[in-house]
Amino acid sequence: MADFLATLATGWEVIRFPLGAALCLAGALLCVIGTVGMLRFPDFYTRLHAASITDTSGATLLLLGMAMMAPDWMVVSKLGAIFIFIYLTSPASSHAAANAAHTAGLQPLIGPVDTHDKEGQDS
Amino acid sequence: MKGAHVPYFLGLLVALVGFWLGMSGHYTPLLLSLGAVSVAVCLILAYRLDIIDREGSPYVRIVGFALYFPWLMKEIAKANWTVVKACLKAEMDIAPALVKVKTACESDLAKVTFANSITLTPGTVTVEIEGDKMLVHALYEQEAQPEAFAEMDRRSRRAADGKGGPA
């Protein structure tokens, strides 16, 4: 049993860096996708949705990857605190932005959005 | 201090001590006593601000939130996939909509939990809250029918208020 646990610990030491790096890379990719969506979507409210990919899954995967590569538990606890604060504050800021736009009278686009880009012209 | 506030006070104390120990990493007598002082100052300020209550120190409901969170993560992952596809599709097929969602949540804490859960889920943002009605902006009209939020409403209500409504 002790042998098995020791093997498990060694194996974990070997795979945690590649695994953590892969998770960080996936998180970075999701952040890029969120940015692409932010640039492509037509109006303020829909762009907010694209930004929330970066806030949730992007940040989660990045923090998870960093936690796997962390040298000690201290770092993990700090990353955990960052995770909790991101999840508490990012909806509050999204809501504040959306609510401010709504209060200011910005009308959202409603219904199916047709965004066929005309040749040589942005939608 | 009234007796009813003691659990909230203890919850805040434990949370602050745990936070300080988790952040510091130096456990020498000097730094530990400095930590004790900062925790005491935080508690005194919170007491003076009169925020040691159910909302300022929601740690008594931590089990409810701990049970709710995995389900929320699952929903967030599913919604993320939808929005990622929407971002990358060559032919954009989004159909944004504003939906009015009625919530069964009674306490402010439950409403905040529900509204924040909606906002955290990619593809839906709570724009406005009035009484028990929420204005939700959604990326896909067909996925934002009021029934789609019913389970989240029920679960966040149970997480924040317990089974029998407001505690």
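Observations, loosely collected:
- Considering segment B:59-101, the residues that are among the hydroxyl-bearing types (Ser, Thr, Tyr) and within 24 Å of B:Ala160 (Cβ to Cβ) include one that is surrounded by the most Cβ atoms within 10 Å (Cβ to Cβ), namely B:Tyr68.
- In the set (1) touching a residue at least 12 places away in the same chain (Cβ under 8 Å); (2) in the same structural domain as B:Asp132 (by TED's automatic domain parsing); (3) part of a helix (DSSP H, G or I), B:Ser38 fails one condition alone, (2).
- Selected residue [among the β-branched types (Val, Ile, Thr), within 30 Å of A:Gly105 (Cβ to Cβ) and more than 7 Å from every other protein chain (Cβ to nearest Cβ)] from A:Thr46, A:Thr60, A:Thr54: A:Thr54
- Residue within segment A:97-114 that is surrounded by fewer than 17 Cβ atoms within 10 Å (Cβ to Cβ), charged (D, E, K, R) and over 28 Å from B:Leu21 (Cβ atoms) present: yes
- Single match in B:Arg158, B:Arg154 (criterion: under 17 Å from B:Pro58 (Cβ atoms), in a helix (DSSP H, G or I) and more than 12 Å from the chain's Cα centre (by Cα)): B:Arg158
- B:Leu67 vs. criteria farther than 30 Å from B:Val14 by Cβ, of a type outside the set (Ser, Thr, Tyr) and modelled with pLDDT of 80 or more: no
- Residue match in segment A:17-35 (condition: assigned to a helix (DSSP H, G or I) and in contact with a Lys or Arg (Cβ under 8 Å, 6 or more places away or on another chain)): no
The values are calculated or read from the model by the stated rules, or taken from the named source; none is laboratory data. All of these numbers come straight from a predicted model, not from anything done at the bench. We place every Cβ from the backbone using ideal geometry, glycine too, and count neighbours over all the protein chains shown.
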